[in-house]
1. Inspect all residues belonging to region 118-133 and state whether any of them is more than 14 Å from the chain's Cα centre (by Cα), without any contact (Cβ under 8 Å) to a residue 40 or more places away in the chain and not assigned by TED's automatic domain parsing to the domain that holds ALA322.
2. Of everything in region 76-89, what is near the ligand (Cβ under 9 Å from one of its atoms), buried (at least 24 other Cβ atoms within 10 Å of the Cβ) and in a helix (DSSP H, G or I)? Give them in sequence order.
3. Listed residues TYR320, TYR258; which is crowded, with 21+ Cβ neighbours inside 10 Å and at pLDDT below 95?
4. What residue, of ARG251, ARG257, ARG263, is within 16 Å of the ligand (Cβ to nearest atom), assigned by TED's automatic domain parsing to the domain that holds ALA359 and in a helix (DSSP H, G or I)?
5. How many of the residues making up region 47-71 are away from the ligand (no atom under 15 Å from the Cβ), aliphatic (A, V, I, L, M) and under 18 Å from the mean Cα position of the chain (by Cα)?
6. Which ranges mark the strands (runs of 3 or more DSSP E) fully within region 163-219 that have 2 or more residues being within 16 Å of the ligand (Cβ to nearest atom)?
7. Restricting the first residue to region 161-175 and requiring it to be of a type in the set (Phe, Trp, Tyr), which pairs with a second residue that is part of a loop (DSSP other than H, G, I, E, B) meet a Cβ separation below 8 Å and a spacing of at least six or different chains?
Amino acid sequence: MQFTDLKAQYAVLKTAVDARIQRVLDHGQYIMGPEVAEMEAALVAYTGAPHCVAVASGTEALLIALMAIGLKSGDEVITTPFTFAATAEVIVLLGGVPVYADIEPDSCNIDASLIEAKVTSRTRAILPVSLYGQVADMDAINAVALRHGLVVIEDAAQSFGATYRDHKSCNLSTIACTSFFPSKPLGCYGDGGALFTSDPAIAQAAREIRVHGQSGRYHHTRVGVGGRMDTLQCAVVLAKLERFDWEIERRLALGDRYGRLIRDSGSPVQLLAVRPDRNCVWAQYTVMVDDRPAVQAALQAAGIPTAVHYPKPLHHQPAYAAYCCPDCMPHSIRAGQRVMSLPMSADLAEADQDRVVAALLGALR
Ligand SMILES: *Cc1c(COP(=O)(O)O)cnc(C)c1O
């Protein structure tokens with residue numbers, strides 16, 4: 001069994017993907033070819049966000065977002081310690097300071113009620129992560145930002161396609177950043193990402209930063225990066241969009257089904273809480289268990305791959321430990337000890353899902 005079944009997806013989309021790739025090979029515009037703008041327009045239509053800028057990866061989208069708002073050395077960004085390192089990495093790369101607010105223990109998303117107490121005169125932005133595919137409480141976070149003149153940047157690397165109060169992830173705040181890493185809900189066949197924004201000035205800045213700060217050919221208005229997304233990768237995303245609504249439906253249905261099967265079994269597995277005003281597109285189907293190493297070993301013996309997203313909160317990572325006391329963020333520490341992700345993709349067969357759940361229950365018996 002695959003943890004993320006990309007081969008089954010390609011088998012279904014082969015004609016569309018191959019045709020899209022062949023078209024790029026025929027026109028030969030590998031850098032900033034027509035598929036780049038075509039994908040940006042398709043993602044604007046999908047999310048409802050006014051502007052989309054395709055970039056080299058999710059990490060690059062976050063970096064460009066912080067450069068576009070002019071983050072400077074010493075500026076603080078409030079974020080969650082329970083995320084992939086890229087979230088804090090880009091802050092530190094620019095000389096900024098990640099200021100952590102702990103998570104809600106049941107959803108593993110940043111606890112919006114803890115953010116306002118972290119605001120100082122140096123705070124510039126709030127960077128919530130839509131972890132596992134569920135958006136954090138963005139209305140509450142936007143309200144804090146409005147009171148203090150801060151920018152909200154959604155790290156939507158895991159949540160493309162998710163919904164919060166009738167709006168799509170990536171259209172919930174001034175800026176959002178997503179990733180098309182192959183295993184994300186909308187993946188390409190390599191690295192890719194996108195920055196979304198409601199602010200035309202930020203969109204323009206991001207477009208310039210993406211190409212070494214050029215506002216015209218060899219006219220460098222600002223310092224930028226080499227942050228373009230390949231035309232070929234945009235072509236893959238365009239092909240994958242043809243079936244994306246169906247994939248999101250399947251992810252939601254398989255997530256519900258996992259939850260039902262596990263809950264009905266009366267097992268001690270703790271399910272992730274999904275709030276009633278939003279959904280979770282399950283970039284990873286993550287649950288919480290005690291004695292995770294034993295459960296993982298039993299599942300591995302049954303031929304079922306698992307993963308841990310993430311074993312340690314960032315303040316327990318050597319590179320990011322300086323910003324927080326080691327015993328702080330107790331919910332993030334505990335989540336890091338207990339979370340475990342099960343196989344998930346739109347093409348996961350229900351029979352395979354049954355096998356996963358049976359093995360999980362067997363491991364806990
Ligand atoms: C995957 C991921 C990123 C980085 O995306 P890349 O495209 O791999 O650079 C950033 N933040 C989170 C939460 C992620 O899951």
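1. Within region 118-133 (the criterion being more than 14 Å from the chain's Cα centre (by Cα), without any contact (Cβ under 8 Å) to a residue 40 or more places away in the chain and not assigned by TED's automatic domain parsing to the domain that holds ALA322), the answer is yes, since at least one residue qualifies.
2. Scanning region 76-89 gives a single hit, THR87.
3. It is TYR320.
4. Result of the check over ARG251, ARG257, ARG263: ARG251.
5. Count: 1.
6. Correct list: 175-179, 193-197.
7. TYR164/VAL135; TYR164/LEU172; TYR164/ASP277
For every residue, the table says whether it meets (1) under 27 Å from ALA143 (Cβ atoms); (2) not small (Gly, Ala, Ser).
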site	(1), (2)
PHE181	no, yes
LYS184	no, yes
GLY192	no, no
ALA206	yes, no
HIS212	no, yes
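The values are calculated or read from the model by the stated rules, or taken from the named source; none is laboratory data. Given the structure is predicted, the values throughout are model-derived calculations rather than measurements. Cβ atoms come from the backbone with ideal geometry, glycine included; neighbour counts cover every protein chain shown.
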